[in-house]
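Participant: To start, I am sharing the structure in question, which I have written as structure tokens.
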Amino acid sequence: MLLVANAGEEGLGNLKGSRQIVKEYEGRIREFYSIDGYMDHITTDAVGSRRYEVEVLTEGGHSFTNFGNRNAIAYLASMIDTLYTLKVPQTKTKTTYNVGTIQGGTSVNTIAQQAKMLYEFRSDSREDLEFMDQHFRAVAESYRSKQVEVNTVLVGERPCSSGVDPVKQDRITSKVTEILKKHTGTEPKNQCGSTDCNIPLSQGIPSVCFGAVRGGGAHTRQEWVDIDSLKEGYRVTFELILSCF
């Protein structure tokens, strides 16, 4: 058994910790568990994603003297609006997109020469991820045709599940479900998600991500956790560890 406290799961970390674990122990990992999130759900299927930094550059200038020159912020805003008109694939899977940050300009009386954003799209279907990527590239190219410089950099890529033995996956999923149910009194919901398990799941390794705390409001400034629930979380975690012997 290997117990690891790793880094890089959130944001632009691109699962670098999980990638390194799977790389160093290639061919030797039978099962993979990630302790992350709340105890009311478990994640057993990987949601893949691609993340791009998008930069728009124009000539800019003084807001009065050079009025009429192209504004990078205006073009970036227009590009965002275009991206948000897309209807995601209507399949059995779930596909989403999001602009997470924007920045640019230098002052109130300056026509912005530069503006940036971070854009991502996600899906538990590799085919739908490719569809989203093609749409994104087409939008970027359409703005380049307006004689605006558009630079795109892939800053994160997370894979979907691939080739996992369903019998082995069901076995560890049932084990974690029963342990959580035993110590919390409720059965956790089974869902797909983007976690450290993406990497092993993409390489056919049975994997489950589960939480060890009660809480809510994830990814907001109002996120909270119930400190007392850590006692339940400890019991869940330790029983899972002992079950492996």
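The values are calculated or read from the model by the stated rules, or taken from the named source; none is laboratory data. This is a predicted model, so every value here is computed, not measured. FYI the Cβ positions are ideal-geometry reconstructions off the backbone, even for glycines, and counts take in every protein chain you see.
Participant: Could you check region 155-178 and list, in sequence order, the residues that are touching a residue at least 12 places away in the same chain (Cβ under 8 Å), loosely packed, with under 14 Cβ neighbours inside 10 Å and more than 20 Å from K94 (Cα to Cα)?
Facilitator: Residues satisfying the conditions are D165, R171.
Per-residue answers, yes or no, for (1) surrounded by 13 or more Cβ atoms within 10 Å (Cβ to Cβ); (2) of a type in the set (A, V, I, L, M, F, W, C):
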position	(1), (2)
G185	no, no
P188	yes, no
D196	yes, no
I205	yes, yes
G211	yes, no
E223	no, no
L230	yes, yes
E239	yes, no
L242	no, yes
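Participant: Yes or no: Y38 in contact (Cβ under 8 Å) with a residue 24 or more places away in the chain and over 22 Å from N98 (Cα atoms)?
Facilitator: Considered against the rule, which asks whether it is in contact (Cβ under 8 Å) with a residue 24 or more places away in the chain and over 22 Å from N98 (Cα atoms), Y38 comes out as yes.
Participant: Which ranges mark the strands (runs of 3 or more DSSP E) fully within region 170-245 that have 2 or more residues being polar (S, T, N, Q)?
Facilitator: Here the list reads 189-193.
Participant: Between residues in region 19-30 that are farther than 20 Å from E157 by Cβ and residues that are loosely packed, with under 11 Cβ neighbours inside 10 Å and not aromatic (F, W, Y), which pairs lie under 8 Å by C-beta distance while being six or more apart or on different chains?
Facilitator: Sorted first by the residue in region 19-30, then by its partner, the pairs are Y25/L2.
Participant: Here's a follow-up. Just name the residue that is surrounded by the most Cβ atoms within 10 Å (Cβ to Cβ) out of those in region 45-94 that are among the small types (G, A, S) and closer than 30 Å to N190 by Cβ.
Facilitator: The qualifying residue surrounded by the most Cβ atoms within 10 Å (Cβ to Cβ) is A46.
Participant: Determine which member of the set Y33, Y38, Y25 is surrounded by fewer than 18 Cβ atoms within 10 Å (Cβ to Cβ) and not assigned by TED's automatic domain parsing to the domain that holds V139.
Facilitator: Being surrounded by fewer than 18 Cβ atoms within 10 Å (Cβ to Cβ) and not assigned by TED's automatic domain parsing to the domain that holds V139 holds for just one of Y33, Y38, Y25, which is Y25.
Participant: Among the strands (runs of 3 or more DSSP E) contained in region 1-81, which hold 3 or more residues that are in contact with a Pro (Cβ under 8 Å, 6 or more places away or on another chain)?
Facilitator: Correct list: 41-46.
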